[in-house]
Amino acid sequence: MPAYTDPGAGSLTTVDASSIRGDWGSADGATSYTLRLSTMADNPPVAVAGSDTTAGLNTTIAGLTANTTYYGFVAGCNANGCSANTVLGSTVTLANPATSLSTTTLTSLTATLAWTANNNPTGTRYRLERSTSAGGSYSLEMSTAALTVGVAGLAPGETACFRVIAQSHGGVDAAASNELCLVPAYTNPGAGSLTTVDASSIRGDWGSADGATSYTLRLSTMADNPPVAVAGSDTTAGLNTTIAGLTANTTYYGFVTGCNANGCSGNTVLGSTVTFATVPQGLGYTDLSAAEVTVSFSGNGNPLGTNYEVERAQDGGAFVQVLVTTQTTVPFTGLTPGASYVVRVRAVSHGGVASGYSGSLSFTTIGAGPAAIVNLRGTLGGGGITYAWDPVTRDTNGDVLSATVTYRLLRSNSPSGPFATEWATTTGTLYGLALSPPPQQYLVVQAEHQNLPSSLSAVIDNVDGGRYVYATSVGTLAVAPQGLLTGLTSERHTVAVESHNADGGGTGFDVTVVKPSGGSAGDVTFSPVGELTMGLAGATGGVRAVEKWMGSRWSLVGSARVGPPGVVTVTIPRTGVYRVMGSPAGGPLVREVYNRSFSPNGDGRAESVVFRLENPENLPMEGAIYSSENMHVADMAAGPIPGLTLTWDGRARHGAMCEGGIYTYEITVGGRRMNGIVVLLK
């Protein structure tokens, strides 16, 4: 039997990504040919990926895998069988175009790109190309077998376009993928702050922004972002800059953007700061008088609303702040006539930072004012009280006044003021004003000569004929014009009432007549007596005992009446230390016995026994004396302070003097009773 002849030599040709054509020569006696494709070079093929039988000398096999190497084998056949294979060599299917190119992450400087293989097998290589515009000229960015890659070198606001081209193992390019164009966003500069440099400059600091080649700092007097009123700006390649030419003592808000050739980012807000205030300049004065002057100065570029601290020194003393103002013209009143003053000013920014001090301004007030009013007094008449005082004829230096003196009368509803001018007169030496309570009112008088005021007179009220009234922390002391208090024979003294520690209970206070130079004027008697109105917690009615410190002991000197509740009125006969006794719950009925052993012999010493009682509510009280045989021999009489004391002079009820010996007393106050003994000496 004749042998089969193999088909003639041939080749494989790639048609597309899924088809390969085979061509070969004829084989003697063959009536058909079978082409087999395998991904392996074994002959005969052990892994046939596709086959086709044809009567011709070529055929195309489809349905193949893209970008895959295939080996071709063809055999000639007839009705009796087939020849051996003629090997046609190998070829590679084309790669499919990559699809769905997209970005998965995008920053100002980088991006992550991804695409699908579109059935290309693993190992297919892809050429990523980049252009600066859509449809532009592309250049190779990288070659990779991956389906996800990262790209760098982007810039904010700059267009970057990409495409992917799959390459077969045979080096044939597939069609390009879809075109992907990116414009990275700008990143704002990092957080920072503003710092005041001086009165006209502010420095800004901030963190870097990706892709920025420069930064622009803008300052605004408004907080709007973006700024609508830019007061100053500067562009720098660094991360800080200083803007000058700003207004002093002004709040500025900072905004910084990062920029490159393509544009700028949004603003990073740097907060706010206040420029320093400038030093005030040009101090001067006008309207100088004995007690007043007007000082003015230049704000030196500080805006309206700037606070100025005004300091003043008198007669070489230390500077003292006397005023904080937003004005640059400042009136001073209440100055001392003939005194030397130095004034200086500094500005304080809205941020609380003080400028340096201005230059000093010196001036001396004019002359001496009129002497103080003396001998202020009142006379009670049918129409009320007429007030009068001695005319003021000299100034505080003792010189005769050269012009008419005006007297101003100031009135208040409180002894501590404030007092407001009600009347003024320049005629005569006395001025009458009829006042009568109620309500209680208070007057002071002030002399004025050539716009120089005197000190205020004593405060006088409209009770009785007019009393001097001294408002103190303890209470209000009223005393008729008299002695040292009038200023008639010496400089006018005042009265002080201060709290005092009252050993043994009660509310203690110290009454002192004070010299004009300070210090006590010593023991002073008030005639007529003074009257102190003071608070006494818990007092609701009746009377309270008043004691005076006699140097070694407390001595009962009077009583205080309660009314209204919580207030007592105390009679003050002279200066000294006093206490007002309270009403301790459960205290002894007899608080003290004076001369428990007494001898009524006419020598003026211990002539009677006196019982001081606890009777704040002014209840009925009585006392009885009993002999040693318990016989009722005498009744007590009212003592020196009615309502608070009882006394026995040693006489029996029929008037005869009792025998010497020990006697028992029994005292009843309201519903309370107390007993004790006394000794009658002969």
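Amide H neighbours of Glu292 under 5 Å, counting only residues 5+ apart in sequence or on other chains, H built in-plane at 1.01 Å?
Leu335
If you line up the Cα atoms of segment 47-145 on their principal axes, what length do they span on each, largest first, in Å?
74, 25, 18
Place the peptides 321-331, 456-466 in order of packing, highest mean first, counting for every residue the other Cβ atoms within 10 Å and averaging per peptide.
Per-residue Cβ counts within 10 Å, averaged per peptide and sorted highest first, yield 456-466, 321-331.
Any idea what the alpha-carbon Rg over 2.2 N^0.38 Å comes to for segment 599-682?
1.07
Counting every Cα pair in segment 1-100, what percent are over 19 Å apart?
It works out to 39 percent of all Cα pairs.
State, to one decimal in nm², a quarter of the convex hull surface area for the C-alpha atoms of segment 1-57, i.e. the direction-averaged projected area.
Dividing the Cα hull surface by four gives the mean projection, 4.6 nm².
Kindly give the semi-axes, whole Å and largest first, of the ellipsoid equivalent to segment 496-573, taking each as the square root of 5 times a Cα gyration tensor eigenvalue.
Ellipsoid half-lengths, sorted descending, are 23, 15, 12 Å.
Could you state the number of Å between the C-alpha centres of segment 271-318 and segment 18-67?
First find each Cα centre; the distance between them is then 108 Å.
Would you mind working out the magnitude of the charge dipole of the chain relative to its Cα centre, with +1 at each Lys and Arg C-beta and -1 at each Asp and Glu C-beta, to the nearest 20 Debye?
In total the dipole reaches around 1500 debye.
Ignoring any ligand, DNA or RNA, what whole percent of the accessible area of the chain comes from carbon and sulfur when the probe is 1.4 angstrom?
50 percent
Just to check, using Stokes-Einstein with a Kirkwood Rh over alpha carbon pairs, what's the diffusion coefficient of segment 228-283 at 4 °C and 1.567 mPa s in µm²/s?
96 µm²/s
Residue by residue through segment 279-291, what is 3J(HN,Hα) from phi via Karplus (6.51 cos²θ - 1.76 cosθ + 1.60, θ = phi - 60°)? Round to whole Hz and write x for glycine and proline.
My calculation for segment 279-291 gives 6, x, 9, x, 5, x, 9, 9, 6, 6, 9, 5, 10 Hz in order.
Can you tell me the mean projection area, over all orientations, of the convex hull of segment 367-495's alpha carbons? Units nm², please.
8.0 nm²
To the nearest 10 Å², what's Glu158's accessible area with a 1.4 Å probe?
Accessible surface of Glu158 is approximately 80 Å².
Determine ³J(HN,Hα), in whole Hz, for all residues of segment 220-227 in sequence, where each value follows from phi through the Karplus function 6.51 cos²θ - 1.76 cosθ + 1.60 and θ = phi - 60°; x replaces Gly and Pro.
With the stated coefficients, segment 220-227 comes to 9, 8, 10, 8, 4, 10, x, x Hz.
What area, in nm² and to one decimal, does the C-alpha convex hull of segment 524-649 cast on average over all directions?
Its average projected convex-hull area is 9.7 nm².
Measure off 7 Å from each Cα along the Cα-to-Cβ vector at Cys82 and Met657, then give the distance between these two points in nanometres to one decimal.
About 17.5 nm separates the two model spin labels.
Restricting attention to the chain, give the cysteines that have no other cysteine Cβ less than 4.7 angstrom from their Cβ.
By the Cβ distance rule, which asks for a partner under 4.7 Å, the isolated cysteines are Cys658.
If you work out Rg/Rh (Cα atoms, Kirkwood Rh) from the coordinates, which of [x] 0.97; [y] 1.52; [z] 1.01 do you get?
Recomputing Rg/Rh (Cα atoms, Kirkwood Rh) here gives the entry labelled [y].
Whole-Hz ³J(HN,Hα) for each residue in segment 84-91, computed from phi via Karplus 6.51 cos²θ - 1.76 cosθ + 1.60 with θ = phi - 60°, x for glycine and proline: what do you get?
5, 7, 9, 7, 9, x, 9, 8
Counting each pair of different Cα atoms once, what's the Kirkwood radius of segment 435-494 in Å, rounded to one decimal?
Evaluated over segment 435-494, this radius sits at 12.8 Å.
Give the long-range amide H neighbours of Leu270: residues separated by 5 or more places, or on another chain, with amide H under 5 Å away, using H modelled in the peptide plane at 1.01 Å from N.
The list, which skips near neighbours in sequence, is Gly254, Phe255, Val256.
Given 25 °C and 0.890 mPa s, compute D for segment 103-213 with the Stokes-Einstein relation, Rh being the Kirkwood radius over Cα pairs; round to the nearest whole µm²/s.
Answer, rounded: 149 µm²/s.
Could you bin all the Cα-Cα distances of segment 195-353 into 5 Å bins starting at 0 and give me the percent of pairs in each, rounded to whole numbers?
It works out to 2, 9, 16, 15, 12, 10, 8, 7, 6, 5, 4, 3, 2, 1, 0, in whole percents.
Arrange the residues Glu448, Glu292 by how much accessible surface each exposes, largest first, with a 1.4 angstrom probe.
Glu292, Glu448
How long are the semi-axes of the equivalent ellipsoid of segment 265-344, defined as square roots of 5 times the Cα gyration tensor eigenvalues? Whole Å, largest first.
36, 13, 10
Size of the dipole of segment 178-274 about the Cα centre, Lys and Arg at +1 and Asp and Glu at -1 on the beta carbon, nothing else charged, in debye to 20?
Value, rounded to 20: 160 debye.
May I ask you to give the solvent-accessible area per residue for the chain, in square angstrom, as obtained with a 1.4 angstrom probe?
Per-residue accessible area for the chain comes out at 46 Å².
The values are calculated or read from the model by the stated rules, or taken from the named source; none is laboratory data. Predicted, not measured: the structure shown is a model, and the values here were computed from it. As a convention, Cβ positions derive from the backbone with ideal geometry for all residues, glycine included, and neighbour counts pool all protein chains shown. Areas reflect the complete protein model, heavy atoms only, side chains present, ligands, DNA and RNA absent. Shrake-Rupley method; radii C 1.70, N 1.55, O 1.52, S 1.80 Å.
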